[in-house]
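What follows is calculated from the coordinates using simple rules that are stated; it is not laboratory data. Because the structure is predicted, anything quoted here is derived from the model rather than measured. Counting neighbours? That spans all protein chains shown, and the Cβs are built from the backbone with ideal geometry, glycine included.
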Amino acid sequence: MFEIIYEPTGKLSAFDESLQALQRVYPTVVILSCDDNGYTPQQLDKILQQSSAKILGGVFPSIIYNDQLFNQGSLLVGIHNELDIQLIEGISQKSATEIDEEVEGHIEGFDDSVKTMLVFIDGLAKNIGESIDALFDNYGLSCNYIGGGSGSLSFIQKPSLFTNQGLLKDALVYAYLTANSSVGVRHGWKSIMGPFEVTSSRGTEIQELDYRPAFEVYKEVVDQFSEQPINQENFFDVAKSFPFGVNTLTDEKIVRDPILLDGSSLVCVGNVEEGSYVDILQGNKDELIAAAKAARDASYNNKTFEDEIVLFIDCISRSLFLGDDFQEEVEAVHNSKKPLIGALTFGEVANNGKEYLEFFNKTAVVGHIGHG
Amino acid sequence: MDKSALQLALYEISISIGNSFDLDKMLNEAVKVLLSRLGCSGAAIYQRSGGVDKLCYAKPKVIIKNERYLQAYRQLLEKRQIQKTGHIELLIDGDYYYLFDLKNYGHLVLTKSTHAMQPITLHALAKINLKLVTAIRACLDHEALKFSQAKLEQTQSLAKIGSWEFDIQADKIWWSEETFNIFEIDANQFEASYEGFMDLVHPEDRDMVNDAYQKSLCSTEPYQIEHRLLFEDGRIKYVQEYGGTEYRDGQAIRSIGSVQDITERKAVEHTVSQRENELNTIIESLPLTLFVKEAKELRFVRFNAAGEKLLGRDRSELLGKNDYELFSKEHAESFIQQDRETLATGEIRSILEEEIDTPNGTKLLHTLKVPINDESGQPKYLLGISEDITERKERQASLQLSSTVIENLAEGIMICDADNRLLSVNPAFTRITGYTADEIFGRKPNILKSGRHDQSFYHEMWNTIEITGTWQGEVWNRRYNGEIYPEWLSISSIRNEFGEVTNYIGVFSDISTIKENEAELRFLAHHDPLTQLPNRVLLNDRIEHALLQKERSKGMVAIMYLDLDRFKTINDSFGHPYGDLLLQTVAIRLQDALRHEDTVSRVSGDEFVIVLEDLKSADEAGVVAQKILGVLAEPIALGEHEVTITTSIGIAMAPTDGDEPVLLLKNADAALYRAKDMGRNSFEYFSSEMSSSSFETLFMLNGLNKAIENSEFVVYYQPQVHMDKGRLTGVEALIRWLHPDLGLVPPGRFIPIAEESGMIVRLGEWVLRESCKQMKAWLDNGTPVEYVAVNLSARQLLDKNLIDMVKSALADAELAGKYLELEVTETIVMKEESYSEVLNELKALGIRISIDDFGTGYSSLVRLKHLPIDKLKIDMSFIKGVPDNEDDSNITQTIINLANSMNLSVIAEGVENEQQAGFLQNRGCLHAQGYLYSPPVPVTDFEAWLNRR
């Protein structure tokens, strides 16, 4: 049983009232909130710490309720059972091994009854790839994952995760759900050239493609398709239309958004493994929207249970790319009588079917969640 | 599945295997890519050891807890028998499980939850697994190799042995870690090379090292060599190398070798050999004969150079011989008997005198014989050390004679050797100096030095002795008991036949009695026998000295002529003995009243002359004269009688009244007569202006005495403010004298007189008490004054009762110390170390200490740091100049910085206008006092000022 309150004003008092109302009834509250509300730890910490309900959620540039996109206000979802919520703080400062050890410390409370894992991570933190890997290394595919990266379009890392400890930054928070779920993941970006072997990379930085400086190869391809030649100055504007696609055995490649040119290296959102193969992708409006709908369909068709709510995690860069047409994508996904809640995120977390868990970029993730 | 995608996936899996020698890391990477690229939900690796399968790796980790998976794995392992396909497949509850053989290591199990793997994938996986097996083996081998290498390196490091290999055909050199360590080359930065090694070899050893290797290469024989390494910082290491070469078909294939750091061993060897050399040098340099005989046949096995010289033979003629072969039978028997007894007893034997025949005649020796045993305690050697005492014996005999002669002389006699060390003294010496012969033996006569003669005196004395052989004269020496005495001393040097001085002989007589008589005569020539005061002769001398001194110090000198009024009457009435007693008493009182450096002289009958040196003004002489009139006016006891006398004094000042002793005395005498004419019991200056100025001083002094009783003093208060906030902080208490006739007397006129006369102590106490009472009143009625600042003079600081007085002033006013601030001027406080103790005691009462007139004196920062002060008060002379005068501005800024750096507060005094205030504020001085705010005003005016604000 769910209950959704959409608080449209973004006012602190209204938020507090909504939370109070839900926590009187529900032992867990999931919160999706807009960055424009300007909530600070000083305002929220006391409220969250004193809350009788278990809390998790994030602050995002925009939130989605049914077929509407909102830049202000919050969605508060009361969940009828008490979720087991895990928190790992300071991920930017921790090594992959430290994060892995901390996650391993949490698997004690995990059992076959857990069907779904709700994951929120500070989308502007370092070590996101390592954190998602740690989740998979420990939990594997014994459940479905769905979630995304929180944060602000100002790209300033600030507290953006709702927890019972307060509004936190630089953390990973996840909860075990016994509810059944099905997940669909699609992006719609198509390969224009590739594959190229990643012959040198470090974390999120692609240094060489096919043994040549990465930017040299990238520019060679992009300049053939872009209206203007790509260079240091216009890099972000041009590159947002030409992401990388990491090859996998699944239907779709995993998108990696290059956001920064560092010398001849390309810095992406999310790790790119050395030895992997990447294509250079391009998208258009129709294919992107069709992909979002396909994600919804895939999830819908896979489900073997009665769903109660639809969760739509969509990448903020898709909305920036689609502009006004983004409303069409929302409407394409909200194709049901069931309530839909969602957010525009900095990176999406999901397992693509019963396969590997990934941190996606520029991707639409749709989850149908049942009663449980 | 898309075939090209499958190819890519398998390729990625394949290249991810075996990328690391770290087993855990390698498996982690391999499994991660297996799961992600094949879409598996689990992977596990079982290690088979001793017939048991042990799950040693699982991904995701949650599998280990998942009984469903573990059960399936167990089922698979039970089947184990791998089919031709290279794997076993099992479908349980919709999940597909695959078991692959990892040869001797164990098994890999993969789980796929959605659908079965395609046969082509499984086929490829079986092949890929072979690579995985190899990779696992490589990791394990690598680990074992690393372990054994680490052990080898540890052993090499402990033994400081490094190893090397030279692949001759590939021209490649390899060094072990310890080799790098020995060569002090960073393995991370430099590769092993023959050139690198040769660069390190000491340039003088390079050819030898190269030759050794080349020779070994040609001869096919291994080589061993020791050589040096020279490091950039000049250090040298010794290394020992062993090397050899392997040959195949007569062709050199590979050279191997070891290099060991033997620097420490070399150092030990070097030390041992050095010590041996040193010991030999010592033995050979000994002026004593040293010989060693073997214990069995008592043949000589060692002789030193002195021994050769004594016996007049080369040691080659001595070694291996016994005593019979070298000496007369009689001597030889004696020597051998002594040797045997020494060896038998095992104790050192001292033979005080033994004769021995030498080419230079018979010599007398003092010999020590020392038995030396071997490790089992058996006699091994006999060590002998002999001193030739022939000459000493002869000298002793000669001296014996001399000493008998001098024993009975009345004059003190001392005999020294050529080094002027005392060999002998006679009883008269002991009687005069107090030193016994034992105490003084071997010491130099300068032990008797009194310090009265300078270096040149002795220099001249010894010079004369050197040239003429004798000297005589008067010498002041010091007895054992410390008493200094004069003696008449004759010194003669004694020379041997070669003209070399062998001895010095001093003969002296004590002439202290004669000298004492002389001194008494000299005193009488310069002093008055009755009063012991300097007489006219010495007085003249002193005046001249004072005038000379004045030239240097630019001060003044006062000559005071004193005459006791009506002394003749007393003398006549009571008789001369009483008159003498009176004069003696006057002499004592005068001396007591004056400073040590002043001179009092009795020039005739009842006339005295006083010389005061180093005066700043003529007024000071007046103050002293007044004091003398006071002390002589006190009644004087003359036996059963008591008389009162008066005195008249005439004062002449140099340089104003003259610069010659005679003229000054004459002028003082003239002034004396004027004083007598004026009615006695008074003093007069020779110059009339001085008398009038002195009159004012006296007038003030008298007035001051009465002013306290007559309540003529008042305390004025000047506010101190915080410029930024305009708030009153405290007040400075300033004394004012409201004279009934003169009106308000400026402090500049009476404070110096009060200081000079000592009145300042009473005056200071009065101000302090008044101020404390006023402060208490302000506290009680809520007037916002935070503290009262009171000035403390140098005289007060010296006063032993100061602390008690301050305590009592606070107690009487019921005022806490924190409301009181005491201001001390910089010049005073810097002068005396002892003031800091007084200030500390004041501080302990809670009182704050402020340094007044800061900047005018020369402060020592070190001292300032150790003084318990709270505040610096910038002198008003600097404030006057700011902001226009650059110097004043800079000094003011410096004082502010100083105060800040020492955490002291700072206040400016004499602030008169807004420009000054603005300047101070900008520079960080926020507290001020001055006419800009208020002049010093009576308490009522101050309170009115405060109310207006």
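For the reader, a short list of remarks on this structure follows.
- What the Cα atoms of segment B:313-365 give is an Rg and a Dmax of 12.2, 34 Å.
- Intensity falloff of segment A:1-83 expressed as log10 I(q)/I(0), Debye formula with alpha-carbon point scatterers, at q = 0.20, 0.21, 0.26 Å⁻¹: -0.85, -0.93, -1.38
- Percent breakdown of C-alpha pair distances by 5 Å bin, ordered from the shortest bin, for segment A:132-206: 3, 9, 13, 15, 19, 20, 13, 6, 2, 0
- Rg ratio for segment A:154-286: its Cα radius of gyration over 2.2 N^0.38 Å, N being its residue count, equals 1.22.
- Normalised contact order of segment B:348-408, rounded percent, pairs of Cα under 8 Å and 6 or more residues apart: 25 percent
- Each DSSP beta bridge with both residues in chain B is either parallel or antiparallel, and the antiparallel ones are about 85%.
- Look at the alpha carbon pairs under 8 Å that are at least 6 residues apart: their mean separation over the length of chain B gives a relative contact order of 4 percent.
- Put simply, the amide H of B:Lys380, placed in the peptide plane, has neighbours under 5 Å in B:Ile372, B:Asn373, B:Asp374, leaving out anything fewer than 5 places away on its chain.
- Highest mean packing comes first when the peptides B:591-600, B:527-536 are listed by Cβ atoms within 10 Å, giving B:527-536, B:591-600.
- Reciprocal mean inverse distance between Cα atoms of segment B:491-547 - Kirkwood radius, Å: 15.4 Å
- Translational D in µm²/s for segment B:262-379 (Stokes-Einstein at 4 °C, 1.567 mPa s, Kirkwood Rh from C-alpha pairs): 81 µm²/s
- Mean separation of Cα contacts under 8 Å (6+ apart) over length of segment B:712-852, as relative contact order %: 20 percent
- Karplus 3J(HN,Hα) series, Hz, for segment B:377-391 with 6.51 cos²θ - 1.76 cosθ + 1.60 (x for Gly, Pro): x, 8, x, 10, 9, 10, 9, x, 10, 10, 10, 7, 10, 4, 5
- Set of aspartates and glutamates near B:Lys444 by C-alpha distance (under 13 Å), chain-local residues within fewer than 8 positions excluded: B:Asp417, B:Asp419
- Computed from Cα atoms, the angle from the helix B:329-345 axis to the main principal axis of chain B rounds to 80 degrees.
- The three principal axes of the C-alpha atoms in segment B:726-869 carry coordinate ranges of 43, 37, 35 Å, sorted with the longest axis first.
- Using only alpha-carbon positions in segment A:1-44, the gyration tensor eigenvalues give semi-axes of 19, 11, 10 Å once each is multiplied by 5 and square-rooted (largest first).
- Amide H contacts under 5 Å for A:Phe196: A:Val278, A:Asp279, restricted to partners 5 or more places along the chain or on a different chain, H placed in the peptide plane at 1.01 Å from N.
- Note, ³J(HN,Hα) from phi for segment A:271-276, Karplus 6.51, -1.76, 1.60, rounded to Hz, x at Gly and Pro: 6, 10, 6, 5, x, 8
- 10 Å-binned pair-distance histogram of segment B:791-949 (Cα, whole percent): 10, 35, 34, 19, 2
- Charge dipole of chain B about the Cα centre (unit charges at C-beta), most positive-ward option of B:Ser834, B:Gln378, B:Val425: B:Gln378
- Fewest-first sequence of B:Arg674, B:Arg235, B:Arg395, A:Arg296 by Cβ atoms within 10 Å of each Cβ: B:Arg235, B:Arg395, B:Arg674, A:Arg296
- Distance cut-off 19 Å, percentage of C-alpha pairs in segment A:1-160 lying past it: 58 percent
- Magnitude of the charge dipole, segment B:17-99, Cβ model with Lys/Arg +1 and Asp/Glu -1, debye to 20: 80 debye
- P(r), alpha carbons of chain A - 20 Å bins starting at zero, rounded %: 31, 59, 10, 0
- Rg/Rh for segment B:131-209 stands at 1.10; both radii use Cα atoms, and Rh follows the Kirkwood definition.
- Under 21 Å from B:Lys321, Cα to Cα: lysines that are on another chain or at least 8 residues apart: B:Lys293, B:Lys296, B:Lys309, B:Lys329, B:Lys363, B:Lys369, B:Lys380
- Semi-axis lengths, Å, segment A:232-372, gyration tensor of Cα atoms, sqrt of 5 times eigenvalues: 28, 18, 12
- When Rg and the Kirkwood Rh are both derived from Cα coordinates, the Rg/Rh ratio for segment B:184-243 amounts to 1.00.
- Hydrodynamic radius of segment B:96-179 by the Kirkwood approach over all distinct alpha-carbon pairs: 16.7 Å.
- Phi-based couplings in Hz for segment B:457-472 (Karplus 6.51, -1.76, 1.60; Gly and Pro marked x): 4, 5, 4, 5, 4, 5, 4, 5, 4, 4, 7, 9, x, 9, 8, 8
- Signed unit charges on C-beta, dipole axis of the protein assembly as shown, positive-most listed residue B:His596, B:Leu638, B:Ser328: B:Ser328
- Other-chain or far-sequence residues with amide H under 5 Å of A:Leu167's (modelled H): A:Asp45
- Cβ charges +1 (Lys, Arg) and -1 (Asp, Glu), total dipole of the protein assembly as shown, debye: 2780 debye
- For segment B:431-553: span of alpha carbons on each principal axis (Å, largest first): 61, 34, 23
- Plainly put, the protein assembly as shown has a radius of gyration that is 1.22 times its Kirkwood radius, both from alpha-carbon atoms, as the Rg/Rh ratio.
- Global geometry of chain B, whether rounded, prolate or oblate, following the gyration tensor of its Cα atoms and the 1.5 cut on a/c: oblate
- Based on the reciprocal of the average 1/r between different C-alpha atoms, the Kirkwood radius for segment B:691-808 equals 15.7 Å.
- Taking Cα centre as origin and charging only the Cβ of basic (Lys, Arg, +1) and acidic (Asp, Glu, -1) residues, the dipole magnitude of chain B rounds to 5120 debye.
- Of B:Met461, B:Ser398, B:Val731, farthest towards positive along the dipole that unit charges on Lys, Arg, Asp, Glu beta carbons give chain B: B:Val731
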